[in-house]
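Undergrad: Below you'll find the structure I mean.
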Amino acid sequence: MEILKYEFMRHALAAGLLTSIICGIMGTLVVVNRIVFLSGGIAHAAYGGIGMAFYFNWPVIPSTMGFSLGASLVMAAVTLNNRQRADTVIGVIWAVGMAFGIILVDLTPGYNVDLMSYLFGSILTVPGSDLIIMGVIGALILFLVVFFYKELMAISYDEEFAGLRGLPVRGIYFFLIAMLGFTVVMVIQVVGLIMVIALLTIPPFMMEKYARSLGTMMAGSSLLGACFTMAGLYLSYRFDLTSGAAIIMVAGTVFLVTLGVEKIWSFMPRTVQPEN
Amino acid sequence: MDFSYNGEDVVLSDINLTIREHDFMAVIGPNGGGKSTLIRLVLGLLKPDKGQIRVLGERPGKLTQALGYVPQNVHINDHFPITALDVVLMGCLGTGGHLGQSRRTRKECEKDGLATLERLGMAEHAHKKIGELSGGQRQRVFIARALMTRPRLLLLDEPTAGIDSGGRADFLNLLKTLNKDVAIVVVTHDLFAVSGYVKSVACVNHRLHYHSQEEIEGQTLETMYACTVEDVCRVQVLAQGLPGAGLKKRGDADGNP
Ligand SMILES: Nc1ncnc2c1ncn2[C@@H]1O[C@H](COP(=O)(O)OP(=O)(O)OP(=O)(O)O)[C@@H](O)[C@H]1O
Ligand SMILES: [Mg+2]
């Protein structure tokens, strides 16, 4: 594998695999809880954190994480009581967070070319130090999800019943959204904030029908995500494409093709042998 | 006790009801009469506007551990990747230790869960995905989940709605067995089916009319039998108005005449 000769490629692979695993786990929770829009909101609002990092000259990942955590907790608070009807507020936070970031960047002296990488991802330039942060956060999320697996499953499946059994439903929900905030910042590194939702939701969407438990759905999604990331990375290296976009294109294409195949399959009369 | 969802349209008013230990109560009434609302109030999922509710001497919501609940709508999250057995095992959550850690070990719990499913004739479907089950099968899974909580009071909101007649008789017999140490409240539209089992009947149509065991053994039940469920409440009011038709035994728990 001559592609692995380069250190940046090894870093990119590591970052891609890490994100795939975390996306598989958190994306599963996002999909079964139907909070895809909320995750999009967190991802875009996180731009405010990037803006602050530039303006105040803070380290990017920690300040983005802080900001994204704040935004996600606000969103958790407004969606707590009616998860379905909260989309307006999420939309507002989504846009305001972004606007805030853009304005701060405007006010920052000098022109920052780097900024594009937060919009579209910069997996090929992930430094070793960021990899360590990602690894630590990934391990932490993995540990927490495994530890609270039953609780997360219970509130995801039947919140009312979980509450009746005495589980702290609100606490677990906040905790879930906070983890999502961290996840989103990690994924921004790889595919950029505009495409976060795709990487977070496409693999779990594809797995949902076939998995019989949250655990298998998480594992399957992680694996699927890893394949997409690797393939996208290869394409981006081979044809000199933006890595984030290449990854999403691979995932999206596979998703749409399987969707199409399933549709055709379900229209096919079952008693007649398909001709080919 | 009074209750309304939005502060204007009163759904339940002047409710006064006592569920005794070892009671087996049928709650009947027309659609929209407030039966599910009453159950949700007892569970502490809703708060009364006026008056108070006590469950085993405590505020509802405090003692939810002692309550088993089968919701009316079992079609929540149909596509969720979860097996029937795993749904049942949720009944083990929060019985004891902190943060939902079960006092029963995982093994015990799983054994219990399988045995409960077996009792409901669902053993061979234990490892199927919940979305692949029929409505009635799903209802049995939810009943099993409620039984897993080892409740002292079991609240069932139309548990037999999707269950076939054979299964219904089995299920009612199961409830009868359970009734030896658990009080049971069952919302139903089919008073005929439960008539041989219940000890008392509460009729809910924004107001509540309660008929104790002694009462339904007499005339009232026959009057109720003659009518459809929708007519029951009106007929009962009439029956109560008639001299001698069960007016005497309404002492400790009753709605307004
Ligand atoms: N979440 C809600 N918000 C506002 N009003 C509600 C809500 N749920 C029920 N209601 C109203 O309260 C009344 C009683 O509803 P409830 O569900 O308790 O009826 P029910 O007796 O269980 O009927 P069914 O036999 O159809 O199950 C109805 O008029 C209904 O419109
Ligand atoms: Mg109802």
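Undergrad: Which FRET efficiency, nearest 0.05, do A:Arg34 and B:Phe192 yield, Cβ-Cβ r, R0 60 Å? Walk me through the numbers before you get to the answer.
TA: Values: r = 40 Å, r/R0 = 0.67.
Efficiency, rounded to the nearest 0.05: 0.90.
Undergrad: On to the next question. Which of the peptides A:9-19, B:80-90 is most tightly packed, and how do the rest follow, going by the mean number of other Cβ atoms within 10 Å of each residue? Write out the running numbers ahead of the final one.
TA: Values: A:9-19: 20.8, B:80-90: 24.5.
Taking the mean over residues of other Cβ atoms within 10 Å, the ranking is B:80-90, A:9-19.
Undergrad: Continuing with this model, one more query. Provide the gained length on full extension for the span B:Ser165 to B:Arg20, in nm with one decimal, where the gain is 0.36 nm per separating residue minus the Cα-Cα distance. Provide the component values of the computation, followed by the final result.
TA: Details: separation 145, 0.36 × 145 = 52.20 nm, distance 2.88 nm.
Full-extension gain reported as 49.3 nm.
Undergrad: Further question: Quickly work out the A:Ala77-to-B:Glu124 label distance, labels modelled 7 Å from Cα along the C-beta direction, and quote it in nm with one decimal.
TA: Simple spin-label model gives 5.5 nm for this pair.
Undergrad: Sticking with this one: Within chain A, which whole H helices from DSSP have a Cα span along their axis of at least 15 Å and a mean Kyte-Doolittle hydropathy of 0.5 or more, if any? Intermediate values should be presented prior to the final figure.
TA: On the way: long enough: A:7-32 (37 Å, 1.58); A:60-79 (28 Å, 1.52); A:87-107 (30 Å, 1.95); A:128-147 (28 Å, 2.48); A:169-191 (32 Å, 2.15); A:196-208 (19 Å, 1.68); A:214-239 (37 Å, 0.99); A:243-267 (36 Å, 1.53).
Taking the DSSP H segments of chain A (at least 15 Å long, mean hydropathy at least 0.5), we get A:7-32, A:60-79, A:87-107, A:128-147, A:169-191, A:196-208, A:214-239, A:243-267.
Undergrad: Beyond 29 Å between alpha-carbons counts as too far, so tell me which of B:Lys50/B:Lys176; A:Lys150/B:Lys180; A:Lys263/B:Lys111; B:Lys35/B:Lys176; B:Lys129/B:Lys180 fall in that bin.
TA: Details: B:Lys50/B:Lys176 34 Å; A:Lys150/B:Lys180 32 Å; A:Lys263/B:Lys111 40 Å; B:Lys35/B:Lys176 22 Å; B:Lys129/B:Lys180 33 Å.
Result: B:Lys50/B:Lys176; A:Lys150/B:Lys180; A:Lys263/B:Lys111; B:Lys129/B:Lys180 exceed 29 Å.
Undergrad: I've got another one for you. Taking the Cα centre of the stretch A:2-263 as the origin, how large is its charge dipole in debye, to the nearest 20, when only Lys and Arg (+1) and Asp and Glu (-1) carry charge on their Cβ atoms? Show your work: numbers first, answer last.
TA: Details: 12 positive and 13 negative charges, 94 e Å.
The calculated dipole for the stretch A:2-263 is roughly 460 debye.
Undergrad: Counting only other chains, what is the mean number of Cβ atoms within 10 angstrom of the Cβ of each residue in peptide A:166-174?
TA: Working: counts 12, 5, 4, 0, 0, 1, 2, 0, 0.
That works out to 3 on average.
Undergrad: Using only Cα positions of the stretch A:2-263, each an equal point scatterer, no hydration layer, compute I(q)/I(0) via Debye at q = 0.07 Å⁻¹ and quote the log10 values to two decimals.
TA: Those come out to -0.23, one per q.
Undergrad: Restricting attention to the stretch B:1-56, which chymotrypsin sites (Phe, Trp or Tyr not before Pro) occupy a DSSP loop and are surrounded by at most 14 other Cβ atoms within 10 Å?
TA: Passing sites in the stretch B:1-56 are B:Tyr5.
Undergrad: Another question, if that's okay. Rank-order A:124-137, B:111-124, A:181-194 by packing density, defined as the average count of other C-beta atoms within 10 Å over each peptide's residues, highest first. Show your work: numbers first, answer last.
TA: Details: A:124-137: 15.3, B:111-124: 17.8, A:181-194: 26.8.
Highest-to-lowest ranking by the protection proxy: A:181-194, B:111-124, A:124-137.
Undergrad: Please sort by residue number the chymotrypsin sites (Phe, Trp or Tyr not before Pro) in the stretch A:200-261 whose DSSP state is loop and whose Cβ has at most 13 other Cβ atoms within 10 Å. Intermediate values should be presented prior to the final figure.
TA: On the way: sites: A:Phe205, A:Tyr210, A:Phe228, A:Tyr234, A:Tyr237, A:Phe239, A:Phe255; in loops: A:Tyr210.
Sites meeting the loop and neighbour criteria: A:Tyr210.
Undergrad: What's the FRET efficiency of A:Glu160 with A:Phe239 using the Cβ-Cβ distance as r and R₀ = 60 Å, to the nearest 0.05?
TA: Details: r = 51 Å, r/R0 = 0.85.
The calculated FRET efficiency here is 0.75.
Undergrad: What is the average number of partner chain Cβ atoms found within 10 Å of a Cβ in A:211-223?
TA: Numbers: counts 4, 9, 6, 4, 2, 1, 3, 1, 0, 1, 0, 0, 0.
So the per-residue partner count for this stretch is 2.
Undergrad: Now, a different point. Under the definition of partner shielding as Cβ atoms of other protein chains within 10 Å of a residue Cβ, what is the mean value for peptide B:79-92? Walk me through the numbers before you get to the answer.
TA: Working: counts 4, 11, 19, 10, 2, 0, 0, 8, 5, 0, 3, 9, 2, 2.
That works out to 5 on average.
Undergrad: Label points 7 Å out from Cα along the Cβ direction at B:Glu58 and B:Tyr5: separation in nm?
TA: Going from the B:Glu58 label point to the B:Tyr5 one covers 2.9 nm.
Readers should treat all values here as calculations from the given coordinates under stated rules, not as data from a laboratory. The structure presented is a predicted model; accordingly, all values stated were derived computationally and were not measured. All Cβ positions, glycine included, derive from the backbone under ideal geometry; neighbour counts span all protein chains shown.
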